[in-house]
Amino acid sequence: MAVAPRIAVVTGASSGIGEATVRALAARGWRCVLVARRENRLRAVAEAIDGEVELCDVGDRDAVTAMAGRVLERHAAVQLLVNNAGMPARGTYLTVAPELVEEVTRVNYLGGVWCTRALMPGLEAGARAGGAHVVNLVSVAGTVAFAPAGAYAASKHAQLAFSRSLAAALRGSGISVHAVLPGFVETEGFPQKGVLRSRLLGRFVIESPQVADAILKAIDKNRAEVTVPWFPYRTISVLQTLAPGLMGRFTGMADYRKVTL
Ligand SMILES: NC(=O)c1ccc[n+]([C@@H]2O[C@H](COP(=O)([O-])OP(=O)(O)OC[C@H]3O[C@@H](n4cnc5c(N)ncnc54)[C@H](OP(=O)(O)O)[C@@H]3O)[C@@H](O)[C@H]2O)c1
């Protein structure tokens, strides 16, 4: 008898890290449910990997509840949720538009909270059937506040707190929670090579498949928190805790180029 494929729900799967992640999961035999808003992009990726499409704005709690209802009707058990959907919010707290502060909080932080809560019955069923995982795609900005991305960093700090708190709440439940913290990654929403002013930081920009690989390794090795790449970003996170004054001087010097995105 054929074994049913494991089900992964990946938010923000229409481009960048999410797209690379569903491609890597499908190559390993997972059946993926792709969640995002741009229908054409999402359908193109889903067709390439024989996945399922769910159009949903993760910042809209009612839309997330409806999306999860549809997914759970098709799949009683979900073995993996990747909370990856996210957006940038460039500008310091003195210049950023108030609406952007609200939106980035709704999408980057609350989006993962609503998706996890709404899909919990499926994850619990997955846990009973052998184990389930939640991966929260955070950022090094969840540990260090880069001045020209203040509201983005705050949303990622909140997301990391959510991830750690959820991991503690689910200990022993059969659902493991992992936080993956990438440094700068070249993607559509975050075209780092073009916007980073610092040549030094520009040297450490990586590509999406490297992050997808880190997600799969975090699941396989049951790692609670993974920074990718480890150097220099883990050092930066540790320095933030040990020497916040020094880090404040460094992050205050960093800036984005003035470009229209
Ligand atoms: N690139 C980096 O340097 C970097 C570093 C650390 C962490 N991250 C994090 O990695 C994650 C993925 O970003 P990326 O770099 O791969 O950027 P990306 O290529 O722009 O992808 C962002 C994805 O999120 C989706 N999305 C955005 N807002 C959404 C919403 N309201 N509802 C549903 N889906 C939404 C987008 O799809 P639609 O537009 O089709 O909805 C897209 O699929 C984000 O959480 C980001 O914060 C990125």
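Every number in this text was worked out from the coordinates using simple rules, so none of it is lab data. Note that the structure is a prediction, hence the values are computed from the model and not measured. With ideal geometry, Cβ positions are generated from the backbone for all residues, glycine too; neighbour counts draw on all protein chains shown.
List of remarks:
- Residues satisfying the stated conditions in the stretch 8-26, i.e. surrounded by fewer than 24 Cβ atoms within 10 Å (Cβ to Cβ) and under 26 Å from Ala76 (Cβ atoms): Arg23, Ala24, Ala26
- Residue identified as of a type in the set (Gly, Ala, Ser), farther than 24 Å from Ala158 by Cβ and in a helix (DSSP H, G or I) among Ala76, Ala63, Ala44, Ala68: Ala44
- Any hit, the stretch 16-26, residues being basic (Lys, Arg) and under 18 Å from Arg70 (Cβ atoms): no
- Cβ-Cβ contacts under 8 Å between residues 6 or more apart (or on different chains), taken from a first residue in the stretch 49-63 that is among the small types (Gly, Ala, Ser) to a second residue that is surrounded by fewer than 17 Cβ atoms within 10 Å (Cβ to Cβ), are listed as Gly59/Glu103.
- For the stretch 139-185, filtered to residues that are among the hydroxyl-bearing types (Ser, Thr, Tyr) and closer than 25 Å to Val78 by Cβ, the residue that is surrounded by the fewest Cβ atoms within 10 Å (Cβ to Cβ) is Ser165.
- Glu188 meets all of the listed conditions (1) surrounded by fewer than 21 Cβ atoms within 10 Å (Cβ to Cβ); (2) within 18 Å of Ala13 (Cα to Cα); (3) touching a strand residue (DSSP E or B) at 6+ places or on another chain (Cβ under 9 Å) but one, namely (3).
- Just one of the listed residues (Val177, Val134, Val185, Val113) is in contact with a helix residue (DSSP H, G or I) (Cβ under 9 Å, 6 or more places away or on another chain) and within 11 Å of the ligand (Cβ to nearest atom), and it is Val185.
- As a summary of the residue check, Lys217 satisfies the conditions (1) more than 14 Å from the ligand (Cβ to nearest atom); (2) outside any loop (DSSP other than H, G, I, E, B); (3) in contact (Cβ under 8 Å) with a residue 12 or more places away in the chain except for the one numbered (3).
- Selection within the stretch 122-151 - within 24 Å of Asp213 (Cα to Cα) and either assigned to a helix (DSSP H, G or I) or among the hydroxyl-bearing types (Ser, Thr, Tyr) (or both): Leu123, Gly126, Ala127, Ser139, Val140, Ala141, Gly142, Thr143
- Of all residues in the stretch 81-108 being closer than 24 Å to Val22 by Cβ and part of a loop (DSSP other than H, G, I, E, B), the one that is farthest from the ligand (Cβ to nearest atom): Pro88
- Qualifying positions in the stretch 191-214 - within 30 Å of Ala132 (Cα to Cα) and either under 15 Å from the mean Cα position of the chain (by Cα) or away from the ligand (no atom under 11 Å from the Cβ) (or both): Glu207, Ser208, Pro209, Gln210, Val211, Ala212, Asp213, Ala214
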